[in-house]
Amino acid sequence: MSKQTGYHRRDFLRHSALGALGAGALARGAVLGNEQAEPARSAIREYRVLGRTGFKVSDISCGYVGDAGVLNALLDNGVNYIDTAESYENEELVGKVIKERDRKKIFITSKLELKKEDLAKASILARARKCLERLQTDYLDCMMIHSAENREILFTEGFHEAMRELKSEGRLRFLGVSNHGSNWYRDPEETMQNVLTAAAEDGRFDVFLMAYNYVQQDMGAEVLDLCRRKNIGTTLMKTNPVGQYHLVKSRVEQLEKEGKEVHPLYRSGLDRLKQKVEAAQGFITRYNLTNPAEIRAAALRFCLSNPNVSTVCIGFRNFEQVDEYMALSGSRLEPVDEKKLSAFSRSGAMFYCRHACAQCESSCPHAVPVNRIMRYNHYFDAQGREKEAMAKYRRLDAAKADLCRDCDGHCETACPYGIPIQGLLNLAHHRLTLV
């Protein structure tokens, strides 16, 4: 149960037959050889080479973590890749933990957002040195451009000059880039595939952090194959699509309980979502999907089964998640899992706004950055990063989703997946502003 939201996901899954993807079942499948120490039970079982870096990373790695005890537990269980960023505000925590560890056995990545108003070498270099200072380390294994929104930003000379200086000092080993997809309606052609393909062809980037999951395969699969050919390390994020029916339903019930007016948009959106849930019941019954952990485990196995994936980055909030995800290390997708994912993708996928998509943004007359807002909503809902998500939304230098309340729903018309995105944007606005 999430203390922040006060909602128990298993209750939702039991009643609506839809839900998030995460981990929980026992690991199955072949385990690749590992030259490192033999892992203990429920520890990392597989290590993969991170592209041209040559570093053998745990197949399950650490994304955002806000608890030192949890991070220590991950490292004790064989996790050896930590992804952080300047904006995560957890580098000091990571630094304190790794200070007591053998630094050479841990691959640490940080990320810097490059803003148009400040792309000078001196500024970027100073920020990078601050990352090193907070992490209490002599060097970074990889520095990434954080959430590159277009190809142009990949070639920022100030960034590359600063990174060359750090490399010459022995303070940096590799470069990388992360991508969530285009956030602006003016640049609909700058998809994740476009940006990361350009980065791969450029040749200076050694590691990618990208969105990929069983629902959203189209762009990611081609990028992953290109990375294999270019020997680029691949780390995955956004591997857990999250259903939204219970969020809309909770909002409507809350307004009714408070005696407030429920906007027709919520009513119609809830009706559409409910119809999809009911339509999914046949698949739920057919494949006996009574345990949400089975679906969550299958989703992670889908990613681990791709030989072009180096590691799956997961945000950890508690010790229970450590146990659950460690149990899936070294596992592979099985035929029974494929059936479960197929059932869910024809139902739960209807509520999942694809990360790195942004195909609807060019249709918005208000230039609302749909992809970015839904990413913040994902931080809030799926990762428990409520304060960070709300702060990012507050600082958003673009139109916000309050404009979606009385809109004609151009985004829904344009969405190729039939997502009720207008209602989800309204919900995201309420959740990210508490209004």
Residue tally, condition among the hydrophobic types (A, V, I, L, M, F, W, C) and surrounded by fewer than 18 Cβ atoms within 10 Å (Cβ to Cβ), over segment 359-377: 1
Residue 341, sole failed condition from (1) within 29 Å of residue 77 (Cβ to Cβ); (2) at pLDDT below 90; (3) crowded, with 22+ Cβ neighbours inside 10 Å; (4) within 16 Å of the chain's Cα centre (by Cα): (4)
Lone unmet requirement of (1) more than 19 Å from residue 313 (Cβ to Cβ); (2) surrounded by fewer than 18 Cβ atoms within 10 Å (Cβ to Cβ) for residue 76: (1)
Given (1) modelled with pLDDT of 85 or more; (2) farther than 15 Å from residue 433 by Cα; (3) crowded, with 17+ Cβ neighbours inside 10 Å, number of the condition residue 384 does not satisfy: (1)
Members of segment 90-107 that are among the hydrophobic types (A, V, I, L, M, F, W, C) and part of a loop (DSSP other than H, G, I, E, B): 106
Output for segment 53-69, where each listed residue is buried (at least 20 other Cβ atoms within 10 Å of the Cβ) and either of a type in the set (Val, Ile, Thr) or part of a helix (DSSP H, G or I) (or both): 53, 57, 60, 65
Residue satisfying condition, being basic (Lys, Arg), within 27 Å of residue 89 (Cβ to Cβ) and either in contact (Cβ under 8 Å) with a residue 40 or more places away in the chain or in contact with a helix residue (DSSP H, G or I) (Cβ under 6 Å, 6 or more places away or on another chain) (or both), within set 375, 394: 375
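Every residue, every condition in (1) touching a strand residue (DSSP E or B) at 6+ places or on another chain (Cβ under 8 Å); (2) at pLDDT 95 or above, yes or no:
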residue	(1), (2)
110	yes, yes
114	yes, no
117	no, no
121	no, yes
130	no, yes
136	no, yes
139	yes, yes
Residue in segment 275-286 that is modelled with pLDDT under 85, of a type in the set (Ser, Thr, Tyr) and outside any loop (DSSP other than H, G, I, E, B) present: yes
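The values are calculated or read from the model by the stated rules, or taken from the named source; none is laboratory data. Keep in mind that this is a model prediction, so the values were computed, not measured. So basically every Cβ, Gly included, is an ideal-geometry build from the backbone, and we count neighbours across all protein chains shown.
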